[in-house]
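The next block holds one structure in the form of structure tokens; read it before the comments.
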Amino acid sequence: LEGDATVRTAGLVVAAADAAPPQSPCVKLKVGRLPLAEELEAIARFKSAGVTLRLDGNRALSLDDAARLFDAGGDAVEFLEEPVAVRDLDAAMARMPIALDESLLEGGPPPSGAAAFVLKPTVLGAPRTLELVQHAPARDLPVVISSSYESAVGRAALIRFAATVAPQVVHGLGTGPALAEDFVGWVEGDGERLTAQGGVLPEGLQWVTC
């Protein structure tokens, strides 16, 4: 592919207890995995570092715990990404800014009251992704393109897509450091921005020409 494409991305923190704030000024922090007190402490630490927080609960939190985490973060919290079970989603959206992720997989019109759409194109598929991209402006919602631990080849494509549909948004494409090994020459980053470049696949691998 000719030319580079660059977007801003959130840093990803999975182990909240011991993590230091990454270089990115926006951090996606996985919550609902540790005792609440430890996660509250982590949020206070990140908040004091001056970063913007996105809290991702993967539907693991109670409504009360989600509210406590949100209150602890205060103005530092941009949104909570699907923090509670489906039965509590409407109540959560009435109390705090909620980004939809898993709910978007279910087809049909998305629930009303969300603060953002978090789209994983490689999970949603092209038709559903494009449907939601077109639907978001009517609700004045930002579209956050998110990776699903793809290799650098897949992330490079997602970066280009994100740069096309929502160039000003901070996206969720910072999953590269979670991989033990990756393709080189496809994605370069400085902690805040990712750039998709014209990488090539290594020669000599039997599956390259599959």
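The values are calculated or read from the model by the stated rules, or taken from the named source; none is laboratory data. The structure presented is a predicted model; accordingly, all values stated were derived computationally and were not measured. Cβ coordinates were reconstructed from backbone atoms using ideal geometry, including for glycine residues, and neighbour counts include every protein chain displayed. Just the protein is used for accessible areas: all its heavy atoms, side chains included, with ligands, DNA and RNA removed. Shrake-Rupley method; radii C 1.70, N 1.55, O 1.52, S 1.80 Å.
Taking the condition buried (at least 19 other Cβ atoms within 10 Å of the Cβ), in a helix (DSSP H, G or I) and out of contact with any Cys (no Cβ under 6 Å at 6 or more places or on another chain), does ALA114 pass?
No.
Give the residue, chosen from ALA49, ALA37, ALA44, ALA72, that is open to solvent by 10 Å² or more (accessible area, probe 1.4 Å) and modelled with pLDDT of 95 or more.
Matching residue, one of ALA49, ALA37, ALA44, ALA72: ALA72.
Could you list, ordered by first residue, the pairs with Cβ atoms under 7 Å in which the first is in the range 126-152 and open to solvent by 70 Å² or more (accessible area, probe 1.4 Å) and the second is assigned to a helix (DSSP H, G or I), at least 6 apart or interchain?
Here the result reads TYR149/ALA178, each pair linking the range 126-152 to a residue that is assigned to a helix (DSSP H, G or I).
Which pairs have Cβ atoms under 8 Å, sit 6 or more apart or on different chains, and link a residue in the range 97-119 that is β-branched (Val, Ile, Thr) to one that is assigned to a strand (DSSP E or B) and open to solvent by 10 Å² or more (accessible area, probe 1.4 Å)?
Between residues of the range 97-119 that are β-branched (Val, Ile, Thr) and residues that are assigned to a strand (DSSP E or B) and open to solvent by 10 Å² or more (accessible area, probe 1.4 Å), the close pairs are VAL118/GLY172.
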